[in-house]
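> Below you'll find the structure I mean.
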Amino acid sequence: MIISCGEALIDLIPSKDDGNLFRAVPGGSPFNTALALARLGAPTAFLGRISQDAFGNQLAQVLEDNGVNLRLLVRGPELTTLAFVKKVEGQASYAFYTQGTADRLLQPGDLPTLPEGAILHWGLGAVVLDGAPVAHTLEALFRQEKDRRLLSFDPNIRPPVIGAAQLPAYAKRVTEALSAFHLVKASDEDLAALFPGARLDDIAQRWLERGPSVVVVTRGGEGAAVFRQSGTRLEVPAVKLAKFGDTVGAGDSFTAGLLTQLYERGVRRGAELAALDDATLKACATFAARVAAKTCEHEGCNPPRRSELEA
């Protein structure tokens with residue numbers, strides 16, 4: 001099983017016909033990753049706190065309808081986090097309403113017993129800087145589980161939410177957290193926001209020195225680069241799109257594709273990821289790029305099913 005941990009929220013997306021009208025669409029990086037994993041056929045669970053309000057019911061129903069196991073899910077009386085989405089030339093930006101919302105209040109006492117052999121993934125968001133309990137709860141969980149299972153991490157940078165003044169502190173906090181994970185995936189936009197002017201290779205090398213055995217940097221239309229502690233850099237070419245919708249959820253779909261391939265190849269612990277040969281790791285990342293590309297052919301986070309990739 002692959003367990004995606006963290007936020008689940010509602011994206012309020014403007015109508016094409018009237019920008020003053022918004023559609024309520026389930027989202028959040030870990031939520032999107034869980035959705036994409038399940039559609040790829042991976043046994044998937046979601047670990048997080050979701051509201052008991054109408055939006056929370058919508059989130060839980062979408063997960064269940066797509067085959068995500070909900071037995072690790074916690075429900076709470078708090079409201080659902082809302083994210084207003086604005087699109088410019090297909091690129092999404094966000095404004096968040098998060099104070100006291102359900103997904104930020106996951107406590108250590110909420111954590112269930114995890115199934116043996118499960119992979120854990122965490123999409124961080126901006127919670128690390130606002131004192132939200134979920135950040136401390138999940139970081140402690142991942143550090144506790146590091147020797148028992150494969151741990152994946154996406155820092156999921158959102159500069160408009162974090163704020164320019166807070167970005168240096170966020171970069172410091174993310175860097176400190178890296179020692180808890182085996183696999184880290186970030187976009188070139190994430191890294192440019194955190195470390196302005198720095199070379200991707202230099203950032204990846206610094207991150208590898210913190211403990212992860214693999215760092216993946218996605219670069220949109222330029223493909224992805226996979227960095228290993230051995231010093232190897234693997235280039236993954238971009239996949240040509242049949243059409244372009246937008247980039248919403250593309251990074252989460254990439255993560256889901258990569259984790260699905262690792263799971264199907266029997267990788268369950270950090271040592272097994274480190275021991276994977278370059279050709280196999282590149283094949284896993286190439287599949288992930290296909291999943292991300294197919295997601296970009298649709299509007300909103302609508303990750304593909306396995307059958308769409310095999311068609």
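The values are calculated or read from the model by the stated rules, or taken from the named source; none is laboratory data. Note that this is a predicted model, so its numbers are computed, not measured. Every residue, glycine among them, receives a Cβ derived from its backbone with ideal geometry; neighbour counts consider all protein chains shown. These accessible areas exclude ligands, DNA and RNA; they are computed on the full protein's heavy atoms, side chains included. Shrake-Rupley method; radii C 1.70, N 1.55, O 1.52, S 1.80 Å.
> Compare the Cα positions of Val25, Phe84, Val174 along the charge dipole of segment 2-309 (+1 at Cβ of Lys, Arg; -1 at Cβ of Asp, Glu; about the Cα centre) and return the one farthest towards the positive end.
The residue sitting farthest along the positive end of the dipole is Val174.
> Right, another one. By a straight-distance test (C-alpha under 27 Å), which lysines pair with Lys172 as possible cross-link partners, with residues fewer than eight away in the same chain excluded?
List returned: Lys146, Lys185.
> Another one. Counting pairs of alpha carbon atoms under 8 Å apart in space and at least six apart in sequence, what relative contact order in percent does segment 91-245 give?
17 percent
> Taking a probe of 1.4 angstrom, what is the accessible area of Trp122 in Å², to the nearest 10?
10 Å²
> Expressed as a whole percentage, what fraction of the accessible surface of segment 2-309 belongs to carbon and sulfur atoms when a 1.4 Å probe is rolled over the protein heavy atoms?
50 percent
> Straight-line reach from Lys294: which aspartates and glutamates have a Cα under 19 Å away, not including same-chain ones fewer than 8 places off?
Cross-link targets: Glu89, Glu222, Asp246, Asp252, Glu308, Glu310.
> How would Glu116, Glu272, Glu299 line up by accessible area, probe 1.4 Å, largest first?
Glu116, Glu299, Glu272
> While we're on this one: Which value, in Å² rounded to 10, gives the accessible area of Ile10 with a 1.4 Å probe and all protein chains present?
0 Å²
> Does segment 2-309 come out rounded, prolate or oblate by the C-alpha gyration tensor, with a ≥ b ≥ c the root eigenvalues, rounded set by a/c under 1.5 and, if not, prolate when a/b is larger than b/c and oblate if not?
Rounded, since a/c falls under 1.5.
> Would you calculate a helix-derived [θ] at 222 nm for the chain, using -39,500 (n - 2.57) for each DSSP H run of n ≥ 4 and dividing by the full residue count, to the nearest 500?
When only DSSP H runs of four or more count, the value is -11000 deg cm²/dmol.
> By accessible area of protein heavy atoms, probe 1.4 Å, what ranking do Asp201, Asp147 get, highest first?
Asp147, Asp201
> Any idea what the dipole of the chain comes to, in debye rounded to 20, about its Cα centre with Lys/Arg Cβ at +1 and Asp/Glu Cβ at -1?
Roughly 420 debye, rounded to the nearest 20.
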